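The values are calculated or read from the model by the stated rules, or taken from the named source; none is laboratory data. Please read these numbers as outputs of a predicted model, since none were measured by experiment. When we count neighbours, we look across all protein chains shown, and the Cβ atoms used for this are built from the backbone with ideal geometry, even at glycine.
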Amino acid sequence: MKTVTILGATGSVGTSTLDLIEREPDRFRVRALTANGDVAGLADAARRTRAAIAVVADESCLPALREALAGTETVCEGGPQAVCDAAAGADWTMGAIVGCAGLGPVMAAVRAGGVVVIANKEPLVSAGDLVLAAAAQSGATLLPADSEHNAIYQCFDRARADRVRRIVITASGGPFRDWSTEAMRGVTPEQAVAHPNWSMGAKISVDSATMMNKGLELIEAARLFPIPHDRIEIVVHRQSVIHSMVDYVDGSILAQLGPSDMRVPIAHTLAWPDRMATPMAPLDLVALGRLDFEAADPVRFPALQLARDALEEGGARPAILNAANEIAVAAFLARRIGFLEIAAIVADTLSRFDPPAPASLDDVLAIDQEARRFANDGVEGRVKDSVN
Ligand code: NAD
Ligand code: MG
């Protein structure tokens, strides 16, 4: 029996993880499930899986959670610290909290050791060095759930990392991959969250549309795999069948293919180093017929260049990129700014704020907060301009 904890159990990645776990009740026992404030979703999942602990990060939801789980043996907790406390202690922990709120809980899981699966991008993007150092110290095994990094993980021969010529990260290109910049100017949140290949949370769907998601993934890949940054390439592959590739010096390219369903990479991490069945039909290669590849366009999708620059510059830059992007995406989803202004606000924030590299998680959180203030000022300025 493997004990498992899901941080962010009510989200898109969280529910995909629960689906797999519930298919093999003899193999997995649920220790803790956490959510922000979705009491109904959390309580339902905790009842079905007989979770030992259920935690709401929003403490005001704790009474409702207790009521919803009355009569069960599940212990209910509330507040951000309770999420961190619940993050330690399982054999296998999924980090699927969206945004910077996932930083502390993932660090707590990494410090405790065991297998920690990273879906949430912030821990690697904003605090990558700290997370890797903590894992080295505790002996935690980090496994990537993001489909691209999971694909690379499956193809990357760590013992022969110096024989890798390049990593090729594939990108669907998002819903606007064929659109001109002018056409993208008037894009609505509804259009941006309608991803052609993947069903995901709203924030990451917008990131796919701006291609900031691929930029963040570039930074994640640089943290996870020992290879010079300029040897990590991004290629648009509209079918999202090849999830990424590793090219070796002898000319062999290893690729991982699969359906566009997060349950495939999550299952890899859940069973690792074993394998487990998933309910997906086998890929029908004949029906698929073809696989297309195109160059990624950093002119129409400036987020790609912003992310590459932030990676190169290092220090606090990736954390600023990420925080500014979160603010800009939220403002776009709230219809306060236009689609093209998302990358513009990220660029403005990076140009106005340049603190020293973070040395601790508190430093990262302080940089994150400060970058959000700058980005919020940028949003307000633009909203004012558009009103005047
Ligand atoms: P989601 O919005 O569907 O779910 C987020 C989860 O985090 C929910 O359970 C929510 O209750 C919880 N949460 C939100 N705010 C919180 C807070 N302040 N404190 C504690 N918990 C909080 O998001 P998702 O699509 O499942 O993505 C989760 C993470 O995984 C993101 O970082 C995303 O970038 C990454 N990811 C997602 C996918 C995907 O296919 N959805 C793929 C790769 C990576
Ligand atoms: Mg991905």
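Taking region 198-239 as the range and being buried (at least 17 other Cβ atoms within 10 Å of the Cβ), part of a loop (DSSP other than H, G, I, E, B) and either in contact with a strand residue (DSSP E or B) (Cβ under 8 Å, 6 or more places away or on another chain) or polar (S, T, N, Q) (or both) as the test, the residues that pass are Met211, Phe225, Ile227, His237, Arg238, Gln239. Criterion applied to Asn120, Asn197 was being within 16 Å of ligand 2 (Cβ to nearest atom), in the same structural domain as Pro298 (by TED's automatic domain parsing), modelled with pLDDT under 95 and closer than 28 Å to Arg231 by Cβ, and the one residue passing it is Asn197. The set of residues in region 113-164 being over 15 Å from the mean Cα position of the chain (by Cα), of a type in the set (Lys, Arg) and closer than 21 Å to Glu312 by Cβ is empty. Residues of region 174-183 include none that is touching a residue at least 60 places away in the same chain (Cβ under 8 Å), within 16 Å of ligand 1 (Cβ to nearest atom) and either in a helix (DSSP H, G or I) or not aliphatic (A, V, I, L, M) (or both).
Does Phe353 count as within 29 Å of Glu233 (Cα to Cα), surrounded by 17 or more Cβ atoms within 10 Å (Cβ to Cβ) and more than 23 Å from the chain's Cα centre (by Cα)? For Phe353, the condition - within 29 Å of Glu233 (Cα to Cα), surrounded by 17 or more Cβ atoms within 10 Å (Cβ to Cβ) and more than 23 Å from the chain's Cα centre (by Cα) - is met.
Would you pick out the residues in region 165-195 that are over 25 Å from the mean Cα position of the chain (by Cα) and under 29 Å from Arg223 (Cα atoms)? The answer is Arg165, and nothing else. What about Gln191, is it assigned by TED's automatic domain parsing to the domain that holds Ala328 and either among the small types (Gly, Ala, Ser) or more than 16 Å from ligand 2 (Cβ to nearest atom) (or both)? Yes. Just one of the listed residues (Gly113, Gly79) is modelled with pLDDT of 95 or more, touching a helix residue (DSSP H, G or I) at 6+ places or on another chain (Cβ under 7 Å), on the phi > 0 side of the Ramachandran plot and within 12 Å of ligand 1 (Cβ to nearest atom), namely Gly79.
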